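The values are calculated or read from the model by the stated rules, or taken from the named source; none is laboratory data. Bear in mind that the values here come from a model prediction, so they are computed numbers and not experimental data. So basically every Cβ, Gly included, is an ideal-geometry build from the backbone, and we count neighbours across all protein chains shown. These area figures cover heavy atoms from the full protein model, side chains too; ligands, DNA and RNA do not enter into them. Shrake-Rupley method; radii C 1.70, N 1.55, O 1.52, S 1.80 Å.
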Amino acid sequence: MLFSELSLHERLQKALTEMNFTEATPVQAAVLPKAMDKKDLMVCSETGSGKTAAFLLPALNHFQDNPMPNASTRMLILVPTRELARQVLVETEKLTRFTYLKAGLITGGEDFRHQVNTLRKNPEILVATPGRLLEHMDNSNTDFSDLEYMILDEADRMLDFGFSADMVRIASESRPERQTMLFSATLQQKGMVELIKLVMNEPESIMLSSARDKHENIHHQILLADDISHKEKLTIWLLKNETFEKAIVFSNKRVNAHQLCNKIRYHKVRAGVLHGEMDHSERKRVMGMLASGQINVLVATDVAARGLDIKGIDLVVNYEMARNGDDYVHRVGRTGRAGEKGLAVSLIDHSEWNLMSGIERYLNTRFEKRAIKELRGNWKGPKKLKASGKAASSKKKKLADGSKKPTGKQRLKTKKKTGKRRESVQQQAPSKTVDAGFEPMKRKKD
Ligand code: ADP
Ligand code: MG
């Protein structure tokens, strides 16, 4: 659907034209009319599908048509991280360029007094992370008695971060007649039903995709790794040999991110690191460097997994596998945005195999197994797979009791317990079992 067919204010149309947005994305086309109808909405649509403009446009259009210069805050957008807040602010400013509407940013790490000034100026729109916003509420710096729109972007992540009570409190202190809309690519989380009950009013759900639907623009691969040092080599090889414009390498721990970044830099890759415990100005500086292209690799923890939209990211490396299917979806969703293509490569060691296969099943997909010739490791994957795709336990008894008699060669190797045993048994495993192991199974979320 073309934006020109939607009855949007001309100043917004002008901004959209300037941004080269001509056609509404599916989520925008689905949300706009419903949101303009004042419905509470919970919206699930894949990463990079344009959810930001989907929640901004209906509100901005309403504000253009109904100016209320004396109202207090009219729209509050809550997001889980500072970087995402900044990005949403930038998109808001682009869309409001030709209007008199103003937006303010309230996040941790920034000067509190400056934010008090921002709040005094009373912008129509506030983009905030919950923690800092509550501090301002405690100091009576905010007024949500006129609030018309409350947006919870990446709502499931805010639950993960333990912001549930904060979101409920913010909602309870804002105008009850407000319209509340909740957005993410993953909304199956425990606790979501409870949150919805507390902050929303008979919401309608718009489910354009779930985590289990394939993201057509992202190609998934795995590389088997023996240990940390092998993973480092593989990561460096990928960054040296893959063709990419920008890449994000995800690690599960801050210290690992730092160490890996140093190693990568040593190999003359222009890399920077981002995690939640870093100094705020440093976080901003690194994000700026990535945006401008001064660095082209970001080594990050999951703080960078949500919502960030950085032009040119076409490679995501999971140095350590994401902890669950939803986190995986968001990490790899930093690529393949707005119709672009992307590659996601996960490095899997023996301790991560079952996690990986659980994620495959959750996503209803099968990752391509890739190997790098010059960096082939010793571990070739579990020697035997269960129907689920997980590693079968390698108890000797099973092998001996199996209906199929082990071949003489196999028996010999089993007895000798040579290091090569794994490999040869794996080769002997009937390929049917292996295939079945990857077959999508109906299963509840892992
Ligand atoms: P999501 O929140 O669904 O992950 P974003 O709102 O961050 O996605 O949008 C992803 C990218 O798509 C952004 O770069 C944004 O500028 C771009 N985009 C959004 N809507 C459109 C559109 N209608 N036409 C072209 N590009 C768009
Ligand atoms: Mg988003």
(message) Checking the condition within 14 Å of ligand 1 (Cβ to nearest atom) and either open to solvent by less than 10 Å² (accessible area, probe 1.4 Å) or more than 14 Å from His215 (Cα to Cα) (or both), which residue from Ile295, Ile310 passes?
(response) Ile310
(message) Please go through (1) closer than 30 Å to Trp379 by Cβ; (2) within 16 Å of ligand 2 (Cβ to nearest atom) for Val127 and return the number of the only condition it doesn't satisfy.
(response) (1)
(message) Show me the strands (runs of 3 or more DSSP E) entirely contained within region 74-183 in which 2 or more residues are β-branched (Val, Ile, Thr).
(response) 125-128
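Run down Val273, Val317, Val269 and say which single residue is in contact (Cβ under 8 Å) with a residue 24 or more places away in the chain, closer than 17 Å to Ile228 by Cα and not in a helix (DSSP H, G or I). Before the answer, list the steps.
Working: Val273 fails: closer than 17 Å to Ile228 by Cα; Val269 fails: closer than 17 Å to Ile228 by Cα.
So the residue among Val273, Val317, Val269 that is in contact (Cβ under 8 Å) with a residue 24 or more places away in the chain, closer than 17 Å to Ile228 by Cα and not in a helix (DSSP H, G or I) is Val317.
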(message) Among the residues of region 231-244, are any assigned to a loop (DSSP other than H, G, I, E, B) and in contact (Cβ under 8 Å) with a residue 40 or more places away in the chain?
(response) yes
(request) Would you point out the residue of region 20-40, among those that are within 12 Å of ligand 1 (Cβ to nearest atom) and assigned to a loop (DSSP other than H, G, I, E, B), that is farthest from His9 (Cα to Cα)? (result) Thr25
(request) Mind counting the residues in region 221-230 that are surrounded by 18 or more Cβ atoms within 10 Å (Cβ to Cβ) and part of a helix (DSSP H, G or I)? (result) 1
(message) From the list Leu32, Leu12, exactly one residue is open to solvent by less than 10 Å² (accessible area, probe 1.4 Å), in contact (Cβ under 8 Å) with a residue 60 or more places away in the chain and within 27 Å of Glu340 (Cα to Cα). Which is it?
(response) Leu12
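Sort out which residues of region 163-214 are among the polar types (S, T, N, Q) and open to solvent by 80 Å² or more (accessible area, probe 1.4 Å), and write them in order of number.
Restricting attention to region 163-214, the residues satisfying the condition of being among the polar types (S, T, N, Q) are 164, 172, 174, 179-180, 184, 186, 188-189, 201, 205, 209-210.
Result: Ser172, Gln188, Asn201.
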(request) Among residues belonging to region 15-29 that are more than 16 Å from ligand 2 (Cβ to nearest atom) and in contact with a strand residue (DSSP E or B) (Cβ under 9 Å, 6 or more places away or on another chain), point out the one that is least open to solvent (accessible area, probe 1.4 Å). (result) Ala29
(request) Count, please, the residues in region 74-92 that happen to be away from ligand 2 (no atom under 12 Å from the Cβ) and open to solvent by less than 10 Å² (accessible area, probe 1.4 Å). (result) 5
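Per-residue answers, yes or no, for (1) hydroxyl-bearing (Ser, Thr, Tyr); (2) under 25 Å from the mean Cα position of the chain (by Cα); (3) within 29 Å of Lys190 (Cβ to Cβ):
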residue	(1), (2), (3)
Phe63	no, no, no
Val90	no, yes, no
Leu126	no, yes, yes
His136	no, no, no
(request) Tell me which residues, restricted to region 138-178, are of a type in the set (Asp, Glu) and over 28 Å from the mean Cα position of the chain (by Cα). (result) Asp138, Asp143, Asp146, Glu173, Glu177
(request) Identify all residues within region 328-362 that are part of a helix (DSSP H, G or I) and either within 14 Å of ligand 1 (Cβ to nearest atom) or touching a helix residue (DSSP H, G or I) at 6+ places or on another chain (Cβ under 6 Å) (or both); write none if there are none. (result) Tyr328, Val329, His330, Arg331, Val332, Ile359, Tyr362
